[in-house]
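These notes are about the structure you will find just below.
Taken together, the values in this text are just the output of simple stated rules run on the coordinates, not laboratory data. All values derive from a computational prediction rather than experimental measurement. Don't worry about glycine lacking a Cβ; one is built from the backbone with ideal geometry, like all the others, and counts go over all protein chains shown.
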Amino acid sequence: MKKEDGSYWEALERITRLFDRYDKYTLDEKSRESLEKWNPEDLPERIEVTDEILDRGCQRITDGVFPKLEPRKSEKVERERRILLAPLYKYAAVAAVLLITAFSVIYFGDIGKGSKKEPVANNEGSNNMIILSAEDGIRHATLPDGTSLSINKGSKVSYDEQAFNRKKREVWIEGEAYFDVARNPEKLFIIHNENLQTVVRGTSFNVKAYEELSEMSIAVRTGKVEVQENDRIIATLTPNRQLVYAKSDGSVRESTISWEDAGAWMDSRLVLQNAGIDEFLLRVRQLYDIEIILDNDVLRNERVVVSFEKNAGFAQVMDMVCLLYNVKYKKISPERVTIYR
């Protein structure tokens, strides 16, 4: 198989998973709304691809995408869902063609296990970015300087292939990752997430910077970490110290934490210390692939403090949360529940 064939298959799998999650009601509300409002007529008029590429893409859609959307005809509820999904079929076709087309020029690198090279730009406008993404589970990777990463589900880390490890080592993060940075006093290691920069020379720490959360945090395991806001130093962290940064007003708070709690996600444990409800919803989705809906914004202003051992079941977690916060929950579907009072 040629390398470009791998990119076609990757694109096909992505669009298939997207519509499969829509069909199973496991997409978050924001993604569902965006998908339903998307109009293929809004797409660019010209796409530079050959007829051969389009033909291959359309054939893969026929063979791979639409069978995933076919209902199980023996079940009445699936027939009804088919009617609701019918307007989206043409969108699936257009989206799949575009994804397969776009990915046809991607060259897949092999920097660390499962890494990808995609044509995206960072703040410096580079077109030589390596994207390390974790879609279906935690991913482990190694950067060219020997730095090791653990990337949480639904997160990605990127870096400029040509610039990295020359004068300095810069990466960009969306989501969450644990860094064990290879020591090099001559070359700073800088992690960018929104308007924060985490600067180190050789240490281990966790960065949490999910777009959907109102706070970002850096928790240190070993060494010393310098945190900057737009090049202004706002904190210097040492082991078992954590900084939490509020996106809304730029306020900062530092605290002493247990590293085992901060890195609980790497052991598939659910541990939250004074977390917002959105982080609880995120962690449940990462661990159990279940989306929680808050009825009438119940618990919206609560801070969550819970701790569960590895392999704790979803029912165990929900029963405890309901007991602690005086709420109830019920299943809407196997992949979706609602919390209510």
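May I ask for the distance between the Cα centers of segment 140-193 and segment 268-301, given as a whole number of Å? Measuring centre to centre over Cα atoms gives 28 Å. Ranked for footprinting exposure by Cβ neighbours inside 10 Å, fewest first, Thr236, Thr147 give Thr236, Thr147.
Across the cross-link table entries Lys167/Lys187; Lys156/Lys208; Lys153/Lys328; Lys208/Lys247, which are compared at the Cα atoms, the separations over 18 Å belong to Lys153/Lys328. Counted by neighbouring Cβ atoms within 10 Å, the residues Lys328, Lys310 run from fewest to most as Lys310, Lys328. Model label points for Lys168 and Thr236, set 7 angstrom from Cα along the Cα-to-Cβ axis, are 1.8 nm apart. Here Thr222, Thr256, Thr238 are placed in order of increasing Cβ neighbour count within 10 Å, fewest first, which gives Thr256, Thr238, Thr222.
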